[in-house]
Amino acid sequence: MKVLRPTSRNEALDMLADDPSIRPIAGGTDLMVSWHHHDKTGWTLMDLSRVDDLNTMSMDDHALQLGALTSYWDVIASKDVTNAFPLLTVAARQVGAIQIQTRGTWAGNIANGSPAADGVPVMMAYNAIVHLQSRTESTDVPLDQYFTGYKQSVRKPDQLIVGITMPRTSHDHEWFHKVGARSAQAITKVGVAMVKNGSGWRVVANSVAPFVCRCKRLESALNDGQSFATPADVADILKHDIAPIDDIRSTARYRQTVLARLIHAHINE
Amino acid sequence: MAIGTDIPRVDGIDKLNGSARYVDDLKIDGILHAATIRSTIQRGRIKAIHFDPSIDWSKFTIVDHRDIPNNQIRLIELDQVALASDEIRHKEEPILLIAHPCPREIQRARHAITFDVEPLPAVDDPCQPLTPDHIQHGDDNVFKSIDIHKGNPDTVFASADRIIEGEYKTGGQEHVYLETQGMLAYHEDGKLVVAGTMQCPYYVLDALTHAFDKPRDAFRVVQTPTGGGFGGKEDFPSNMAVHVAALACKSGKPVKLIYDRQEDMAATTKRHPSVVRHRTAVDDDGKLLAMDINVVLDGGAYVTLSPVVLSRGVIHTAGPYHCDNIHIHGEARLTNSPPNGAFRGFGAPQTLFAVERHMDVIATELGLDPAELRRRNMIRDGDATATSQPINDGVDRVALMDNTLDAAQYDTRSTEHATFNKTHPYLRRGIGLATFFHGAGFTGAGEVYLASEAWVEAHPDGQIEVLVANTDMGQGTTTILTQIAADRLDLEPRYVTLATPDTSRVPNSGPTVASRTAMIVGHLIEQACDQIVERTGGIKGRALIEAIEAWHHANPNTRLIGKAKYHKPDVIVWDDEKYIGHAYACYGWATYVADVEVDLRTFSVRVTDFVAAQEIGRVLNPTLARGQIQGGVVQAIGWALTEDIVTRDGAMANGQMTNYIIPTSGDLPPIRVIFEESESPFGPRGAKGIGELPMDGPAPAILNAICKALGTQLYEIPMTPERLMLHMEEHAHGTV
Ligand SMILES: Cc1cc2nc3c(=O)[nH]c(=O)nc-3n(C[C@H](O)[C@H](O)[C@H](O)COP(=O)(O)OP(=O)(O)OC[C@H]3O[C@@H](n4cnc5c(N)ncnc54)[C@H](O)[C@@H]3O)c2cc1C
């Protein structure tokens, strides 16, 4: 195994262009989970921690910019960011526990591509744009168009996520709920973020499809002012938006039922 | 003086600052690293073994069943093979052992051995109907069956007006000790030294002498600091020891075998899953007229400790209640799973879950408050248990329950919850209780059979050394045994040390299990101390030190050792054929109360408050005792709600800390511990055992509280949100 230690963004992008099989490592909290399952001979890791211009977070009147190395803790610790984007902090506080929150990055959460990622739903609900960059080009992709399948995305092997932007708008409504098997250190069994602003509702769910996704049918129903008398009414619409599965942690039926019940209870509160 | 006070943990500093050396921390030059090659199927015959030719196998030590003279793990029976030779009985069963100087080579090689197997039909469920090709033990796959008879239940049932039935199920449980299983072996001074994490050095020694057909003095078994056991290191270390010893013998080199978490979870023992059926005849006042109870335990693929787990289970299964007519039938049966083994409570948590849930079912049916039903049936002095053991210990069990209910504000909370539940859109609250008991020490004649011995040696420098084989696995044995000796000799605890459990130095004081160490071994230490005092002139306290020095002066080069051996108290009479009599010298008694909140959006349950009150004789060290109770409650909260063993081909499939859900500190309520004390005649300064008791009560108390909150009856744990959802969809249609 080899470890590269670039100190600038260009150096990192050059390394990646020369060898697209390189694995970037940010907080390492995903890469290390399955560490001992892999034979790592032939691996090349690229440690991003010395690339200072990726370790930035800034906010102005128009938008919040997260760098590739911005951690959950950076957001939790910022009063301004928390006030402007409360769900980011709500979700961040439910990622693993404090140790993970201080190391794990928002970009890593996206790049890892888990359908259970907790940072992704709130960013997607806030209309996040992902900035991808390679040695030769830069592209911006809305987060809700970033994933293409289970652990699949539009990111090309020679591209890095260099930042994430979320526009500042006023929200009349914002809510995130994570259901894990315990109160910390829990992989989400079902989760949901709901945000409403001038242009309508955004409803994003995790752990109910091959990747974190918007529930567009439900969004339109809500935008149309439809009301839901029972959880079953919500479930009827949701079934077109999600495709949950049975796995070692829960069942498709539970995920589907509970997502509908959570949303039903919330919108009728 | 030292008793009843919080002396600091004797082993505390070393464990805090990291200087305690666990087995994997021990460095030995030239040591080989080992791995176990296991079955990937549930049941079948081995037809061929293939070694990937791309690996140079001549650099490896490879052990198979032929390398172990008696290829058996000695326990109650000899049916478990150390390494499978022909027939495979469960997934993860060890077949080969390999060792190599380089851990990375071992990792590569373990995936380079494959087997051709012919599958055979497997038993998945102890209650499934069997065909002849399923039979693997005796003629019915039953490892052990036990019957307990009292009075004349058949007649009572025949004329009873009201019979209430229920079937209760409990799941397996993984111990999740912090330190995984590990063992090493090396030759020294003509002996094979086997050292590792374990609860019972003499069990390990006996397993080695049997497997290698050598006398006891061919081996030295040493316990290394042990990071948790909970029963998981009662029987399994014997398997580890035989494996590592076989590799050390074949290679002639030191060898170390350490399981990682996933292997540990997949391959080692679990709590026995159970199914318990109750039929109870009651009168209109709720008096228990007759009980008919059927217990089935899932033993896994080999007998191991299942007969004694069953024994403790059936003895506790009628609860702490008086009933004149009882029939209990219990069976431990084979399934093709890794053997289930010892786990804190040893069968009692399973059967007490059933009876304590059943008491609430009865109460609901009769329209009685569950506490009132218990009040009417609780054993009072002069009554007898299911095994007809008379109880006359002066403990007021009804008062214990009532005081606990007061401390938990049971009545007020019940009313508050009822109001809350009418108005909240999706949260439901409930309060529930369990009253229960736990026998201390080995069952029946078990202590006689163990014939434990404890030594106390007074060294020439005045230092007192306690020599016993009992192990500290975090529960605090070294500290309380130090306190007991110090108290008996009227010395400060610093004059007392505990010998490392090493079979070449310490006598066989029995295994560290069954809530027996403080009570049985502690009592022996008191007697051994008395001998020292007697032999040095009858003085205690600081003057004793001088007396010891003087004794050594007068008797140079002689050891001054007090030796005490277990003698059965005359009052204990037990008939092991009929299961009648004193099943245990004494019992701890308890009432636990749980408050819960159920979220009907997600069907998840939060325990919001917990009161654990118990009568345990004498509290030796308040902090350690409280720690035992709180730890047991936490472990039982996990068993009740989240710890779900998902199996595939009979073995654990969710064997990772991410997917096997033990509670975190964030999931726990305040746990208020209350002790009531008495002078029990059987233990040191009146102490009884406490280690297992707290595992028994929380699961039924929590389930009873959930049932109150939801107005339903539940029959199974772990009550995961997924299970609760299915139950509510089926039984509470329209109300959710
Ligand atoms: C104990 C524990 C608990 C956890 N709990 C949660 C939880 O509750 N919720 C949750 O969502 N996650 C959880 N995680 C997973 C993990 O912490 C998060 O997904 C985290 O956001 C990953 O960020 P990282 O910087 O550590 O990623 P890394 O491990 O460094 O990287 C993850 C992946 O992204 C790639 N990558 C990283 N940065 C970039 C980049 N800039 N451009 C392109 N590719 C990149 C890496 O190559 C790798 O494939 C947990 C992990 C652990 C160990």
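The table below gives the values:
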quantity: Hydrodynamic radius (Kirkwood) for the range B:497-617, which is based on Cα pairs only, to one decimal in Å; calculated: 19.6
quantity: Unit Cα scatterers, Debye sum, the range B:446-565: log10 I(q)/I(0) for q = 0.17, 0.18 Å⁻¹; calculated: -0.77, -0.85
quantity: Relative contact order of the range B:446-565, defined on C-alpha pairs under 8 angstrom at six or more residues apart (%); calculated: 38
quantity: Too-long pairs where the Cα-Cα distance tops 22 Å, listed order kept, from B:Lys27/B:Lys253; B:Lys568/B:Lys688; B:Lys27/B:Lys270; B:Lys150/B:Lys287; calculated: B:Lys27/B:Lys270
quantity: Residues of type lysines that B:Lys422 reaches as a straight line, Cα spacing below 23 Å, ignoring anything fewer than 8 places off in the same chain; calculated: B:Lys708
quantity: Given charges at beta-carbon only (K, R positive; D, E negative), |dipole| of chain B in Debye; calculated: 1320
quantity: Extreme residue, positive dipole direction of the protein assembly as shown, given options A:Val75, B:Leu400, B:Gln128 (C-beta unit charges); calculated: A:Val75
quantity: Computed over the range B:630-736, Cα set: Rg, Dmax in Å; calculated: 17.7, 58
quantity: Vicinal HN-Hα couplings computed from phi for the range A:134-146 (Karplus, 6.51 cos²θ - 1.76 cosθ + 1.60; Hz; Gly/Pro x); calculated: 10, 4, 9, 8, 10, 9, 10, 10, x, 4, 6, 10, 6
quantity: At 0.890 mPa s and 25 °C, Stokes D of the range B:246-391 from Kirkwood alpha-carbon radius, µm² per second; calculated: 141
quantity: Acute angle (nearest 10 degrees) that the helix A:9-18 long axis makes with the longest principal axis of chain A, alpha-carbon atoms; calculated: 80
quantity: Alpha-carbon centroids, the range B:73-96 and the range B:448-504: separation in whole Å; calculated: 36
quantity: Whichever lysines have a C-alpha closer than 30 Å to that of A:Lys196, once near sequence neighbours (fewer than 8 apart) are set aside; calculated: A:Lys79, A:Lys151, A:Lys178, A:Lys216, A:Lys239
quantity: Sum of -39500 (n - 2.57) over DSSP H runs of 4+, divided by residues of chain B (222 nm, nearest 500); calculated: -9000 deg cm²/dmol
quantity: Ranked packing of B:447-453, B:627-633, B:472-478, B:523-529, most packed first, by mean Cβ within 10 Å; calculated: B:523-529, B:472-478, B:627-633, B:447-453
quantity: Cβ-based charge dipole, the protein assembly as shown, positive-most Cα from A:Pro121, B:Ala301, B:Ile88; calculated: A:Pro121
quantity: Label-point separation, A:His240 to B:Asp461 (7 Å along Cα→Cβ), nm; calculated: 8.4
quantity: Whole-angstrom gap from the range B:223-274 to the range B:598-627, using each part's C-alpha centre; calculated: 31
quantity: Whole-Å semi-axes of the ellipsoid equivalent to chain B (Cα gyration tensor, √5λ, descending); calculated: 41, 35, 24
quantity: The range B:618-669 - convex hull of alpha carbons, volume per residue in Å³; calculated: 111
quantity: Two-decimal Rg/Rh across the range B:341-421, once Rg and the Kirkwood Rh are taken from alpha-carbon atoms; calculated: 1.03
quantity: Exercise: per-residue mean of other protein chain Cβ atoms within 10 Å, B:650-661; calculated: 2
quantity: Within 10 Å of each Cβ in B:160-167, the average number of Cβ atoms from other chains; calculated: 0
quantity: Evaluated over the protein assembly as shown, the Cα radius of gyration and Dmax, each in Å; calculated: 30.9, 101
quantity: All Cα pairs of chain A, percent lying beyond 23 Å; calculated: 52
quantity: Kirkwood estimate for the range A:173-267, i.e. one over the average of 1/r between Cα atoms, Å; calculated: 13.4
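Read the figures in this text as sums done on the coordinates, not as results from a lab. This one's a predicted model, so the numbers in the text were calculated from it and none came from an experiment. Please note: Cβ atoms are built from the backbone with ideal geometry, for glycine as well, and neighbour counts cover all protein chains shown.
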